[in-house]
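Contents: one structure, followed by commentary.
None of the figures in this text is laboratory data; all of them are computed from the coordinates on show. Because the structure is a prediction, the values reported are computed rather than measured. Cβ placement follows ideal geometry from the backbone for every residue including glycine, while neighbour counts extend to all protein chains displayed.
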Amino acid sequence: MTANNPFNTLTSLKVGDKKGYYYSLPKLAKALDVDINSLPVSIRVVLESVLRNCDGKKVTEQHVKQLAKWKPKAKRTSEIPFVVARVVLQDFTGVPLLADLAAMRAVADQTGKSAKSIEPLVPVDLVVDHSVMIDYFGTKDALDLNMKVEFERNKERYQFLKWGMQAFDTFGVVPPGFGIVHQVNLEYLARGVHHDPKTDVYYPDTLVGTDSHTTMINGIGVVGWGVGGIEAEAGMLGQPVYMLTPDVVGVELKGQLRGGVTATDLVLTITEMLRKEKVVGKFVEFCGEGTASLSVTDRATIGNMAPEYGATMGFFPVDERTIEYFRGTGRTDQEIEALEAYFRAQKMFGVPKAKDIQFTKLLSLDLGTVSPSLAGPKRPQDRIELSSVKQTFKKLFSAPVAENGFNQPVDKFDLEFETPESGVIRNGDILIAAITSCTNTSNPSVMLAAGLVAKKAIKAGLTVPSYVKTSLAPGSRVVTDYLKKTKLLPYLEKLGFDVAAYGCTTCIGNAGDLAADINEAITENQLVCAAVLSGNRNFEARIHPNVKANFLASPPLVVAYAIAGTIKKDLMTEPVGIGKNGKEIYLGDIWPSTEEINELLAFAMDADVFRKNYANVRKNPGKLWESIKGIEGDLYNWPESTYIAKPPFFDDYTSEPKAIPVVKQARALGIFGDSVTTDHISPAGSIKDTSPAGQWLLENGVRKADFNSYGSRRGNHEVMMRGTFANVRIKNLMIPPLADGSRFEGGDTIYQPTGQQMSIYDAAMAYQAANVPTIVFGGEEYGTGSSRDWAAKGTMLLGVKAVVARSFERIHRSNLVGMGVLPLQFKGSESAESLGITGHETYDIEGLENGIKPQQDVTLVIHREDGKTDKVKVLLRIDTPIEVDYYQHGGILPFVLRELLQD
């Protein structure tokens with residue numbers, strides 16, 4: 001309860017036999033004479049937070065009134081300060097965030113303040129789920145072996161996390177081996193409704209998470225989304241999450257799914273549909289009878305992929321199915337009673353009909369029209385109906401790169417290549433088949449379907465080719481429990497889908513390596529081989545640097561394609577494989593019916609199993625975790641490590657902000673095309689020994705075998721700044737085309753003073769040494785993909801002052817501002833290409849000298865080689881007044897630190 005709240009809306013709430021209070025939206029509606037019940041439910045949940053936290057300072061009376069009077073088609077100029085109930089982190093993003101907090105404590109101590117003045121003000125949970133790799137697979141001991149290797153590789157990181165657990169009062173860790181952060185969040189961390197014992201006030205669960213797929217939690221009516229760790233850190237330390245008042249796109253689902261169609265097929269269809277509708281930065285809210293009929297796990301699957309369709313959220317209201325899910329996952333009776341009582345009191349219980357809500361735009365989808373699908377080979381929104389996969393791959397094989405193709409000669413399509421140990425390898429061969437990722441492993445219907453496909457396949461005599469690397473990485477231990485109880489796990493194991501990890505594996509780039517002779521055959525012959533995974537991300541070089549065609553599919557289709565062994569087979573008309581007695585076995589022969597799946601679903605919702613499993617987070621986290629010993633004390637002493645290093649962001653800290661940097665005579669560090677992802681900018685996967693990061697590790701005594709991944713080394717800025725723009729598939733258009741007309745791939749640039757081609761890192765260091773500012777040019781959707789802080793942090797540490805792009809993905813734009821880098825957007829149809837920008841020019845940025853206003857025009861001055869000068873108006877994508885403050889302070893972290901140390 002906040003002091004100075006001007007709205008008299010505190011109302012009693014009966015929860016079981018207890019009585020508490022809540023901030024009543026119906027009372028607010030009466031006081032302001034507005035119809036709150038016609039607002040989208042997601043807006044109402046945010047409104048409750050604004051109302052409850054109204055203190056006249058960060059959250060004002062005006063903020064409450066503006067949001068309560070939300071209009072579906074109004075111009076979005078108002079800023080919402082959203083105070084969240086909690087923050088969720090995964091370890092790749094959480095470790096550098098903890099390093100920032102430790103560095104802030106050092107500054108506090110140096111300035112005579114208590115180190116404890118830097119403390120999260122809301123509960124923070126970090127789930128260690130991104131560090132396990134599939135080094136071992138296809139054996140019963142794969143899980144144990146992979147976890148042992150994980151702990152060997154990551155000992156220094158885990159010691160650091162142990163320090164954080166004892167140093168901060170509100171910082172909790174779910175140790176490795178429990179599951180993927182989003183499934184753990186859904187099954188365990190989410191409370192539905194919180195209760196503050198000091199004030200006796202109930203309020204809804206809300207959060208931000210440092211992973212873009214935080215939106216999975218929208219499936220149970222929790223408002224939350226992914227932010228960069230930079231923004232999450234500020235939220236932890238008392239800053240509201242600021243955002244422009246959003247548009248809300250309603251999606252009315254009608255009818256029901258046909259037999260044989262999975263939740264994965266549905267989410268790929270929705271992703272394709274909403275990408276076309278350009279819902280970037282908008283809330284998406286589902287409504288209608290079709291929505292009400294979906295299971296909570298189906299809803300969570302759809303919510304999970306909000307980043308892929310570009311929305312801030314994919315929200316589902318709380319209803320009877322949410323209550324059933326909470327009961328089935330072992331929440332307490334009091335929590336379940338509070339959830340239902342609270343949402344009924346606020347008149348937010350149940351899935352509304354489309355006609356009852358004012359949406360900015362209403363879309364409709366008939367569930368009966370959804371067909372079995374895959375998505376790929378490079379982007380999750382590129383859906384392909386199952387019957388078209390073979391032909392689409394054949395077309396893309398020789399299509400130009402500009403058309404999403406692989407630019408290979410047509411006559412090479414069916415060639416065979418012999419390897420010394422792995423046999424014949426062909427274009428289109430599936431080298432990785434992984435049941436992985438939070439999107440699908442949280443959903444019992446598709447996991448049971450995968451088990452049933454495996455059972456039928458084994459009984460039919462089918463096997464998986466030896467060159468296919470198979471793995472099963474469930475999102476939680478509960479999945480293994482129900483696969484065992486239904487007696488399906490042994491069939492998956494017989495096909496090589498042994499449990500290899502509980503974590504985010506193939507989807508994040510932790511698929512592990514392929515056999516050496518396969519890698520050699522691919523690189524020598526430029527083969528276009530494939531991966532099929534039940535994930536949400538398939539960007540270039542993300543799954544494996546040598547596997548160029550990556551397809552997202554449901555878990556049962558992953559099993560089917562593993563058996564087929566190639567993407568060049570039409571599973572709708574051709575046999576999956578040859579079974580007993582030479583019999584051709586078709587997909588229909590091994591595909592389970594809806595009835596067969598439904599018969600087994602009861603095994604997946606055993607409340608006792610959930611309670612016992614998650615009780616072990618504290619009671620029995622495992623011997624490997626217990627063996628890790630962390631440093632004690634409030635301050636971290638920064639022992640020598642190639643994993644954890646004191647970040648440089650506060651090295652030149654001053655109590656007052658410095659002058660805004662003047663960008664004059666800047667050079668281009670890179671010119672990139674459309675859909676440059678945060679994976680391109682800051683890869684998470686393997687580190688090449690020839691790269692600047694690899695060379696630095698070798699120089700510091702790290703063997704190549706111990707490099708681990710970029711993601712695991714995010715606590716060390718020396719590695720990460722060298723890894724910025726180091727993706728092996730990134731194409732810098734400053735480098736002239738190769739002899740065959742294709743583009744050079746890799747993290748190089750042209751250093752303009754000499755015209756020499758060198759790594760982007762080396763060029764950036766040379767420019768910094770000469771005090772030359774740099775800028776980067778991009779196309780559409782610059783920064784799409786994961787909420788990766790280091791894509792912005794690394795950009796800043798390379799000395800980049802501005803990124804000028806056709807458009808930005810939501811989180812990365814925010815992260816750039818948060819690190820003091822200007823995001824500038826071309827206007828109209830202008831682009832680097834249309835303006836003839838080659839990187840040989842120098843550039844000035846004018847228009848910020850007399851103060852900054854959100855979304856103002858600034859001028860990009862282009863000084864050409866021939867002496868001509870062009871002036872181009874671009875849009876400043878500092879979108880809100882608070883972002884102006886962040887930028888003027890040199891970023892969000894110095895801003896928050898100054899605020900904390902002034903108290």
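Summary of computed values
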item	result
Estimated FRET transfer efficiency (GLN695, PHE650; beta-carbon r; R0 22 Å; 0.05)	0.20
THR566 long-range amide H proximity, modeled H, under 5 Å	ILE430
Length gained when the stretch SER388-LYS853 is fully extended (0.36 nm per residue, less Cα-Cα span)	162.4 nm
Burial ordering of LEU738, LEU848, LEU363, LEU824, fewest other beta-carbon atoms within 10 Å first	LEU738, LEU363, LEU848, LEU824
Region 379-446 versus region 78-105: alpha-carbon centroid distance in Å	37
Mean Cβ neighbour count within 10 Å, used as a protection proxy, ranking 634-647, 880-893 highest first	880-893, 634-647
Exposure proxy order (Cβ contacts within 10 Å, fewest to most) of LEU900, LEU483	LEU900, LEU483
Equivalent ellipsoid semi-axes - Cα gyration tensor, region 648-902, angstrom	27, 24, 16
Calculated on alpha-carbon atoms, Rg and Dmax of region 10-75 in Å	12.9, 46
Two-site label geometry, LEU121 and SER834: point separation in nm, points 7 Å out along Cα→Cβ	4.4
Residue-averaged [θ]222 nm for the chain, counting only DSSP H segments that reach four residues, each worth -39500 (n - 2.57)	-9500 deg cm²/dmol
Shape category assigned to region 576-627 from the gyration tensor of Cα positions, a/c cut at 1.5	oblate
Cα centroid of region 1-69 to Cα centroid of region 572-646, whole Å	40
Once the Cα gyration tensor of region 297-364 is diagonalised, semi-axes √(5λ) in Å	24, 17, 9
Net charge of Cβ neighbours under 11 Å - reference VAL662; Lys, Arg +1; Asp, Glu -1	-1
Cα-based equivalent ellipsoid, the chain: semi-axes from gyration tensor eigenvalues, Å	38, 36, 27
Over 19 Å (Cα to Cα) - which of LYS75/LYS361; LYS455/LYS580; LYS704/LYS793; LYS394/LYS548; LYS14/LYS347; LYS278/LYS394 fall in this group	LYS704/LYS793; LYS278/LYS394
For region 225-234, 3J(HN,Hα) per residue [Karplus equation, 6.51 cos²θ - 1.76 cosθ + 1.60, θ = phi - 60°, Hz, x = Gly/Pro]	7, x, 9, x, x, 4, 6, 4, 4, 5
Pairwise FRET efficiency - THR332 versus SER627, Cβ, R0 = 45 Å, nearest 0.05	0.90
Whole-number D in µm²/s for region 220-365 (Stokes-Einstein; Kirkwood sum over Cα pairs; 37 °C, 0.692 mPa s)	201
Contour minus Cα-Cα distance for ASP740 and LEU145 (0.36 nm per residue)	209.7 nm
For LYS390, LYS459, order by how many other beta-carbon atoms lie within 10 Å, fewest first	LYS459, LYS390
